[in-house]
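J.: What follows is a single structure, and I will ask about it in a moment.
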């Protein structure tokens, strides 16, 4: 079984929500299987492109001048596992920021700093896979809620993406190891 591969893209890519689809990560990286990609770019997800049905019904949208984005695709369609992986990714982000001295708060898949929202995130099923998007504000300009960004925190987004995706890769390898070293119980 192959491990989790990822790539940080150099091109600036605006995230519209339409990138959260099966095969998009493979198109950008050339990697097959469980893969991830990190990139920096603007973010504007119109209401009609929201995956979260509660947010869509409420007429919401997502917007920020610049975000550091992560999209992860895993084979299989188990949405509960995808949500757990999404929460793991968010917890890893909190751990990394905490190690940098920031007092971070997490509520589900949302991360807050100084009482303002730092992230957006969703896990969703695709036809053959599950997908995760995590957007971390760099410049939250235009956000519809009180928000904070990495620029204010003096954190380089590309460095944070690499650190986060590497930590996620290590966790996925550890999970694979843990599932392979146990015997079945009666």
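The values are calculated or read from the model by the stated rules, or taken from the named source; none is laboratory data. None of these values were measured; they are calculated from a predicted model. Glycine also receives a Cβ, built like all others from the backbone with ideal geometry; neighbour counts cover every protein chain displayed.
J.: Residues of the range 1-13 being touching a helix residue (DSSP H, G or I) at 6+ places or on another chain (Cβ under 7 Å) and exposed (fewer than 11 other Cβ atoms within 10 Å of the Cβ), which ones?
T.: Scanning the range 1-13 gives a single hit, 1.
J.: Same structure again: Do the conditions hold for residue 131, that is, is it under 18 Å from residue 74 (Cα atoms) and in a strand (DSSP E or B)? Show your work before the answer.
T.: On the way: under 18 Å from residue 74 (Cα atoms): yes; in a strand (DSSP E or B): yes.
Yes, satisfied.
J.: Among 16, 81, which is farther than 15 Å from residue 137 by Cβ and touching a helix residue (DSSP H, G or I) at 6+ places or on another chain (Cβ under 7 Å)? Don't jump to the end; show me each part of the working.
T.: Values: 81 fails: touching a helix residue (DSSP H, G or I) at 6+ places or on another chain (Cβ under 7 Å).
Only one candidate qualifies: 16.
J.: Could you say whether any residue in the range 92-109 is within 10 Å of the chain's Cα centre (by Cα), modelled with pLDDT of 95 or more and in a strand (DSSP E or B)? Outline the logic, then answer.
T.: Initial filter on the range 92-109 (within 10 Å of the chain's Cα centre (by Cα)): 93, 109.
Narrowing further to those that are modelled with pLDDT of 95 or more: 93, 109.
Pick out the ones that are also in a strand (DSSP E or B) and you get none.
Taking every residue of the range 92-109 in turn, none turns out to be within 10 Å of the chain's Cα centre (by Cα), modelled with pLDDT of 95 or more and in a strand (DSSP E or B).
J.: Suppose we filter 165, 84 for residues that are exposed (fewer than 13 other Cβ atoms within 10 Å of the Cβ), under 15 Å from the mean Cα position of the chain (by Cα) and either part of a strand (DSSP E or B) or modelled with pLDDT of 95 or more (or both); which single one remains?
T.: Working: 165 fails: exposed (fewer than 13 other Cβ atoms within 10 Å of the Cβ).
Criteria check complete, one pass: 84.
J.: Pick out the one residue from 156, 176, 106 that is in contact (Cβ under 8 Å) with a residue 40 or more places away in the chain and out of contact with any strand residue (DSSP E or B) (no Cβ under 7 Å at 6 or more places or on another chain). Don't jump to the end; show me each part of the working.
T.: Values: 156 fails: in contact (Cβ under 8 Å) with a residue 40 or more places away in the chain; 106 fails: in contact (Cβ under 8 Å) with a residue 40 or more places away in the chain.
Step by step, each of 156, 176, 106 is checked, and only 176 is in contact (Cβ under 8 Å) with a residue 40 or more places away in the chain and out of contact with any strand residue (DSSP E or B) (no Cβ under 7 Å at 6 or more places or on another chain).
J.: Buried (at least 22 other Cβ atoms within 10 Å of the Cβ), more than 25 Å from residue 60 (Cα to Cα) and modelled with pLDDT of 95 or more - does that describe any residue in the range 149-158?
T.: yes
J.: Condition first: farther than 19 Å from residue 84 by Cβ and surrounded by 10 or more Cβ atoms within 10 Å (Cβ to Cβ). Now tell me which residues in the range 169-186 satisfy that.
T.: The answer is none; no residue qualifies.
J.: Sort out which residues of the range 156-179 are closer than 29 Å to residue 45 by Cα and in contact with a helix residue (DSSP H, G or I) (Cβ under 8 Å, 6 or more places away or on another chain), and write them in order of number.
T.: Residues satisfying the conditions are 160, 163, 164, 167, 168.
J.: Of all the residues that make up the range 1-43, how many are under 23 Å from residue 170 (Cβ atoms) and either assigned to a strand (DSSP E or B) or under 13 Å from the mean Cα position of the chain (by Cα) (or both)? Explain how you work it out, then say what you get.
T.: Within the range 1-43, the first condition is being under 23 Å from residue 170 (Cβ atoms), and the residues that meet it are 1-9, 25-26, 28-40.
Then keep just the ones that are either assigned to a strand (DSSP E or B) or under 13 Å from the mean Cα position of the chain (by Cα) (or both); that gives 5-8, 25, 35-40.
So the answer is 11.
J.: Moving to a separate point now. Can you go through 60, 73, 27 and tell me which one is within 20 Å of residue 6 (Cα to Cα) and touching a residue at least 12 places away in the same chain (Cβ under 8 Å)?
T.: Values: 60 fails: within 20 Å of residue 6 (Cα to Cα); 27 fails: touching a residue at least 12 places away in the same chain (Cβ under 8 Å).
Exactly one residue qualifies, and that residue is 73.
Yes or no, residue by residue, for (1) closer than 17 Å to residue 126 by Cβ; (2) surrounded by 15 or more Cβ atoms within 10 Å (Cβ to Cβ); (3) touching a helix residue (DSSP H, G or I) at 6+ places or on another chain (Cβ under 7 Å):
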position: 25; (1), (2), (3): yes, yes, no
position: 39; (1), (2), (3): no, yes, no
position: 63; (1), (2), (3): no, yes, no
position: 75; (1), (2), (3): yes, no, no
